[in-house]
Amino acid sequence: MSEKPISSRKYTYIHDEDDTGFQSIDSHHIMVPKSRSRQFLLYSSFLVLMAHVCSLLLGKEEWRIVFPWNSLTFVILAAALHLRSIEKESVLIMPTFGVQLETHYRSGRICRRFIPISKILKPVLNECVTPTTCYWSLVLILRGDKELTLVFQELQPPLEMLVSVWKALCTAVDGDTTTDCGMEVDFRASIL
């Protein structure tokens, strides 16, 4: 069963629930569309590199000194733009086993972390305030850990997307179907 996706300017939230076996897997995905500005920057830096190579080969400058360092700079910039761009972050909830947190990069690399359900004390929506901005994050309080564990390591999705994931995590951890986690808060009112 798949719900209607929630979209914002930067992210798209998709919720899938798989009831094929004896155990249901509840998956929540925060997708990031391809950035046209990032692609433009990548291709324009490649064009600048090629123009620079041509000018060095046709010019009278000492190209053996200048070329390797400039080329290395452009290659590192292009690789950093490509390797660090994120495609999606996912939360896979298996109520009797645990929670798997995944980060998918556009380069094909996938980072996975598994947290057993017995280790999770409580999922918490945390308001993060910095000198220039304020945003919400979803964290897990774990037994034996002194620090909070971020559910979405790289992304900062809006609150309405986080609430759906938070409610599903509360249901999995507490086994409670009311999914209020002991809170009677209208999150839309707290934003305004």
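The values are calculated or read from the model by the stated rules, or taken from the named source; none is laboratory data. Keep in mind that what you see is a predicted model, and the values were worked out from it rather than measured. As a convention, Cβ positions derive from the backbone with ideal geometry for all residues, glycine included, and neighbour counts pool all protein chains shown.
Tell me the residue from S45, S27, S7, S37 that is in contact with a helix residue (DSSP H, G or I) (Cβ under 6 Å, 6 or more places away or on another chain) and modelled with pLDDT of 70 or more, please.
Only one candidate qualifies: S45.
Among E62, E127, which is modelled with pLDDT of 90 or more and of a type in the set (D, E)?
One residue alone meets the criteria, E127.
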